[in-house]
Structures are given as structure tokens and as C-alpha cells.
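Trainee: I have a structure here, written as C-alpha cells, and I will follow up with some questions on it.
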Amino acid sequence: MAFTIQVNGTLRVLDVDGDTPLLWVLRDVLGMTGTKFGCGAALCGACTVHLDGVAVRSCVTPVDGVGTSQVTTVEAIGHTEVGGRVQRAWLEQQVPQCGYCQSGQIMSATALLANTPHPSDSEIDEAMGGNICRCGTYVRIREAIKLAAQSSKGG
């Protein structure tokens, strides 16, 4: 079936089944491998993307559920003001170790800061709670989020 979705500002026409997870559309059909497969059950956060700025798990989001929403992936998040700050903070705090979960972590952190520019520790914990880092970089992740919040205009 043919679907037209907007990914990172570009309309993409796809010939896939409607129940195909957005993750596989991004990775296998569009060749955008920044979004990772982790668990396939929306439990680990590795596949996080934004739909109209809201962090969603692409492994359980069927392509026919995307509709006219704007899909933003890690490949484009750095072009946003908040996403750029998050990526710079990630580098400054040397967050990644293996790096596998980092695209999902960055997408969740960016959604958090876009809606809550100066989050408390508990707000960070709640927003990031669904993202698993097997390397255990949680302390650096929190520090990077705080740094990105501090570097906001007026912050």
C-alpha cells in the first residue's frame, strides 16, 4: 500500500504494509540507520523518534498511524535549536560509551527540554525512565541534560 509521510522535512512516498513499524520504514526502506532496534516492545527507548515533537517508540508505531505528523529522527534533530544544544552537551559530557542507545536518549532528552526547558531531577528521571543504557551512563546523561538546559537562551 502507498503511504506518504514527512520525515525530517521531506515528503517520502512508501510502498509498505500499513502495519509496518515506523522503525523498519526508517531503517530498511529509507536507509536511515540512526534510529536503532533494541527490544521491539517499546521498553528500551533505542528506537525513539519524534512525531510532531513528541517522543515515540518507532518499533511499535505502525506507519499507517503516522498520518500527517512530522517525523523527526536523530539525523535531523541537531538542526533544531534544542537538539543542537543537547548534542553539544552530550559531547561535552562525554556521554556515549558504546553509543547504541544514544540516538534514543538524545531524542527523549530533546523532547523533554522542548517542553520543559529547565527540568528538575525528577522530571529528567521521568522523561528518561524508558531509555535503557547498558553501559550505565545515566549520571552523564543527566548532567548533559542539565548542561543543555543551562545553555538555553535566558537559562
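Trainee: Among the residues of the range 102-132, what is the count of those that are part of a loop (DSSP other than H, G, I, E, B) and either free of Cβ contacts under 8 Å to residues at least 12 places away in the same chain or farther than 18 Å from ILE77 by Cβ (or both)?
Mentor: 5
Trainee: When you scan the range 76-96, how many residues do you find that are of a type in the set (Gly, Ala, Ser), part of a helix (DSSP H, G or I) and without any contact (Cβ under 8 Å) to a residue 40 or more places away in the chain?
Mentor: Matching residues across the range 76-96 total 2.
Trainee: Follow-up. Return only the number of the condition from (1) assigned to a helix (DSSP H, G or I); (2) touching a residue at least 24 places away in the same chain (Cβ under 8 Å) that ARG27 does not satisfy.
Mentor: (2)
Trainee: Give the residues of the range 41-97 that are surrounded by fewer than 21 Cβ atoms within 10 Å (Cβ to Cβ) and at positive phi, sorted by residue number.
Mentor: Of everything in the range 41-97, those that are surrounded by fewer than 21 Cβ atoms within 10 Å (Cβ to Cβ) and at positive phi turn out to be ALA42, ASP52, GLY53, GLY67, GLN94.
Only the coordinates and a few stated rules stand behind these numbers; no lab work does. Please read these numbers as outputs of a predicted model, since none were measured by experiment. With ideal geometry, Cβ positions are generated from the backbone for all residues, glycine too; neighbour counts draw on all protein chains shown.
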